Amino acid sequence: MKEEIILAGFGGQGIMLMGKLISYAGMKEGKEVSWMPSYGPEMRGGTANCTVIVSDKLIPSPMTTQPDSIIVMNLPSFDKFLPQVKSGGTVFLNSTLIEEDVKRDDIKVIKIPANEIANQLGNSKIANMVMLGSYIENKDVIKLKTVKNSLESVLSARNQDLIDLNLKALEKGKEYK
């Protein structure tokens, strides 16, 4: 098993946190992982993406040009990374912010109204966890239980009070297949 993922959006949408959680959970499950962040010039509002690779074998390079999956939180990320998804891959699309239709029929597209769900749960910051919940449910890469157990270790000290809300968001995301 080898899964190459690109996670992308604006700075402040929790892109790096999703990538770290996937990587950390993969490590806890005894898998090989690679996490490579890429930031735009601004932290909040600029572009942010990371590449995560999870494998049961050694990873020769942290780079990917044809990811198996992308998790895109905004339209610029959708436009940039959609063409790179390999045939048979999966796109996890934040349909609250991306209204474009996918014009490829060789990939699976899962639309998740992540921002709407996060707002219904009471905090717009957890849209990333809604997306991650859907990813975990649809891809057999890491276990939800491992991600839940990793939250305390990966979340910054200032966001520890959001653990319960993040757990609810992960569960809500599982509904989107």
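The values are calculated or read from the model by the stated rules, or taken from the named source; none is laboratory data. All values derive from a computational prediction rather than experimental measurement. All Cβ positions, even for glycine, are placed from backbone atoms using ideal geometry, and neighbour counts span all protein chains on display.
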Taking first residues from region 147-159 that are within 15 Å of Tyr135 (Cβ to Cβ) and second residues anywhere that are small (Gly, Ala, Ser) and in a helix (DSSP H, G or I), the pairs with Cβ under 7 Å that are 6 or more apart or on different chains are Val147/Ala25; Ser150/Ala25
Using beta carbons and a limit of 6 Å, which pairs, at least six apart or on different chains, have the first residue in region 16-29 and at pLDDT 95 or above and the second one among the aliphatic types (A, V, I, L, M) and surrounded by fewer than 24 Cβ atoms within 10 Å (Cβ to Cβ)?
Lys20/Val154; Leu21/Val154; Ser23/Val33; Tyr24/Val154; Gly26/Val33; Met27/Val33
